[in-house]
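Comments concern the structure below.
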Amino acid sequence: MLKGKHIVLGISGGIAAYKSVFLLRLLVKAGAEVQVVITPNGKEFITPVTLSSLSGKPAISEFFTANTGEWHSHVDLGLWADLMIIAPATASTIAKMANGVADNMLVTSYLSTKAHVMVAPAMDLDMWAHPSTRRNIATLVADGVEIISPAAGELASHLVGKGRMEEPQNILKAIESYFDTLHPAVPPALNGKKVIVTAGPTHEKIDPVRFIGNYSSGKMGFEIARECARRGADVTLVCGPVALPTPNPDIERFDVTSALEMYETTRSFVQSADIAIFAAAVADYRPEVCRESKIKREKQQEPVIKLVKNPDIAAECGRGKRKNQFFVGFALETDNELENAQEKLVKKNLDMIVLNSLRDQGAGFQCDTNKITIVTADDTVSFPLKSKTDVASDVVDRIILELNKGK
Ligand code: PMT
């Protein structure tokens with residue numbers, strides 16, 4: 001929550017400016033007081049009236065208000081802010097910030113502020129890749145500015161990434177994480193605990209161009225990993241093929257493709273883990289052989305692919321579980337949900353099962369929400385439909401409760 005936080009939202013003139021409206025809405029909804037500062041070019045993409053009606057404050061663009069002559073103090077604004085986020089930040093605004101070119105209200109406020117500054121760049125690929133942009137970004141980083149970008153991981157190594165602006169929800173998460181680290185809202189109950197999380201699907205190769213897979217996006221597992229890190233845990237995330245950024249820079253991430261690879265990687269970390277959370281949708285079967293060349297349509301009669309069983313990672317790990325370890329499985333069901341979940345709890349030697357059913361709208365694969373029932377040996381608790389972020393928080397709350405029971 002950002003209740004009472006003062007945030008300056010700087011908007012410069014790029015097509016991604018429309019996304020700032022969503023960001024503004026999210027910030028206000030999270031309780032922040034937001035002052036929008038928009039560059040003259042920004043107003044070509046989005047109207048100050050839209051922004052003012054969402055923030056409840058006139059959007060500032062010029063040093064003086066035209067009709068009243070009122071002067072906007074960039075110094076006061078800089079001091080008022082707890083955080084400044086510039087989204088979108090165009091190549092031009094980034095260049096001005098990096099070089100102190102204070103020719104508009106936004107850059108002037110940036111130069112005056114004592115607050116933490118975040119920048120969400122947005123530009124086309126060539127501008128993003130241009131050496132001058134790379135230099136300017138590197139200058140901002142050296143000046144202590146935090147770059148929020150889907151390509152942020154690549155900045156450190158000076159590689160070229162994509163210039164697309166980060167999604168508003170992810171910018172909100174970065175802002176919340178910043179305030180969390182300043183004043184942790186939640187006591188770090190998992191301090192010193194090692195947690196391993198599996199996430200995403202696995203791909204089982206049929207030939208060099210085809211695989212057997214499933215619809216898992218990895219969102220649920222990534223939110224769990226993020227929440228565990230937020231509570232102070234030392235998190236290892238083993239994930240199948242997903243298109244998600246690592247949710248927290250402190251998380252150690254291993255990308256794998258197949259169930260066998262996920263098994264090997266998980267097995268090597270699980271022994272030293274205090275908590276294991278198996279959120280991945282692992283393929284139960286793989287083709288017995290992966291053909292060396294592409295199966296051709298013409299030559300072949302209808303091919304028959306023989307499948308063999310993959311290891312059950314949760315069950316194998318559960319078999320070797322020590323007394324002081326806490327293992328959580330997921331159950332994705334389509335029928336007899338509770339019965340199947342209870343059976344998995346026992347069969348896989350787990351301490352808790354998070355049940356989600358594909359019969360519930362907004363639950364399971366892909367979506368940003370989930371509806372779960374937590375099943376333990378002596379309890380079953382159902383939750384309403386929530387964002388996967390909030391579901392992760394409920395799951396981790398329950399794990400902590402169970403760990404404390406054992407004390
Ligand atoms: O990734 P998202 O798009 O956000 O979707 C989230 C999710 C639906 C994938 C997630 O919430 C979920 O339910 N994950 C488990 C899916 C699953 O494979 O369920 P299962 O009932 O088949 O397996 C039971 C448990 O055994 C799971 O913890 C699973 O990770 C584990 N398992 C299963 C098979 C196998 N070979 N190895 C395993 O470890």
Computed ³J(HN,Hα) along segment 229-243: with the Karplus parameters 6.51/-1.76/1.60, θ = phi - 60°, integer Hz and x for glycine or proline, the list is 5, 4, 8, x, 6, 9, 9, 10, 10, 10, 10, x, x, 9, 10
Within the under-13-Å Cβ sphere about GLU204, not counting GLU204, Lys/Arg +1 and Asp/Glu -1 give a net charge of +2
Give the lysines reachable from LYS405 as a straight Cα distance under 24 Å; neighbours fewer than 8 places away on the same chain don't count.
LYS193, LYS194, LYS321, LYS323, LYS344, LYS347, LYS348
Treating only Lys and Arg (+1) and Asp and Glu (-1) as charged, each at its beta carbon, one finds that the chain has a dipole about its Cα centre, in Debye to the nearest 20, of 540 debye
Taking amide H positions as placed 1.01 Å from N in the peptide plane, with prolines and chain starts having none, which residues 5 or more places from ILE148, or on another chain, fall under 5 Å of its amide H?
VAL119, ALA120
Can you work out ³J(HN,Hα) from phi for every residue in segment 90-107, in order, using Karplus 6.51 cos²θ - 1.76 cosθ + 1.60 and θ = phi - 60°, giving whole Hz and x for Gly and Pro?
7, 4, 5, 5, 4, 5, 5, 4, 5, 10, x, 7, 8, 9, 8, 5, 5, 5
Which residues qualify? For ASN310, with a placed amide H closer than 5 Å and at least 5 residues away or on another chain, they are TYR285, ARG286
Can you give the extra length, in nm with one decimal, that the chain gains between SER53 and ASN214 once fully stretched, where that is 0.36 nm per residue apart less the Cα-Cα distance?
53.6 nm
Between ASP82 and residues 5 or more places away or on another chain, which pairs have amide H atoms under 5 Å apart, with H built 1.01 Å from N, and which residues are they?
HIS6, ILE7, VAL8
For the chain, take the longest principal axis of its alpha carbons; what is the angle in degrees between that and the long axis of helix 337-347, to the nearest 10 within 0 to 90?
70 degrees
Per-pair calculated FRET efficiency, R0 = 51 Å: GLU298 and VAL21 via Cβ, rounded to 0.05:
0.45
How do the peptides 125-133, 393-401 rank, highest first, by the average count of neighbouring beta carbon atoms within 10 Å per residue?
393-401, 125-133
Could you work out the Kirkwood radius for segment 263-407, taking every pair of different alpha carbons, averaging 1/r and inverting it, reported in Å?
17.1 Å
Using a 1.4 Å probe on the protein chains only, how many percent of the accessible area of the chain belongs to carbon and sulfur?
53 percent
Candidate lysines for bridging to LYS296, where Cα separation is under 21 Å - those fewer than 8 sequence places away on the same chain excluded
LYS205, LYS306
In terms of the charge dipole of segment 286-407, which places +1 on Lys and Arg and -1 on Asp and Glu at the beta carbon, the residue among LEU307, ILE400, LEU350 farthest towards the positive end is LEU307
When the Kirkwood radius is taken over all Cα pairs of the chain, what Stokes-Einstein diffusion coefficient follows at 25 °C and 0.890 mPa s, in µm²/s?
104 µm²/s
Excluding ASN104 itself, what net charge comes from residues whose Cβ is under 9 Å from its Cβ, given Lys and Arg +1 and Asp and Glu -1?
-1
Calculate the length of the line joining the C-alpha centroid of segment 327-363 to that of segment 186-220, in whole Å.
17 Å
Computed ³J(HN,Hα) along segment 28-36: with the Karplus parameters 6.51/-1.76/1.60, θ = phi - 60°, integer Hz and x for glycine or proline, the list is 5, 4, 7, x, 7, 9, 10, 10, 8
Counting only heavy atoms of the protein chains, get the accessible area per residue of segment 1-141 (1.4 Å probe) and round it to a whole Å² value.
45 Å²
The orientation-averaged projected area of the Cα convex hull of segment 253-333, in nm², is 7.4 nm²
Filtered hits (lysines, Cα-Cα < 18 Å from LYS386, offset >= 8 within chain) -> LYS29, LYS173, LYS219, LYS371
Descending packing, highest mean Cβ count within 10 Å first, for 304-310, 217-223 is 217-223, 304-310
Once you have the Kirkwood Rh of segment 91-132 from its Cα pairs, apply Stokes-Einstein at 10 °C and 1.306 mPa s and quote D in µm²/s.
141 µm²/s
In segment 11-109, how does Rg compare with the Kirkwood Rh, expressed as the Rg/Rh ratio over alpha carbon atoms?
0.93
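The values are calculated or read from the model by the stated rules, or taken from the named source; none is laboratory data. Predicted, not measured: the structure shown is a model, and the values here were computed from it. Here the Cβ is made from the backbone with ideal geometry for all residues, glycine too, and neighbour counts use every protein chain on show. In case anyone asks, the SASA skips ligands and DNA or RNA and just uses the protein heavy atoms, side chains included. Shrake-Rupley method; radii C 1.70, N 1.55, O 1.52, S 1.80 Å.
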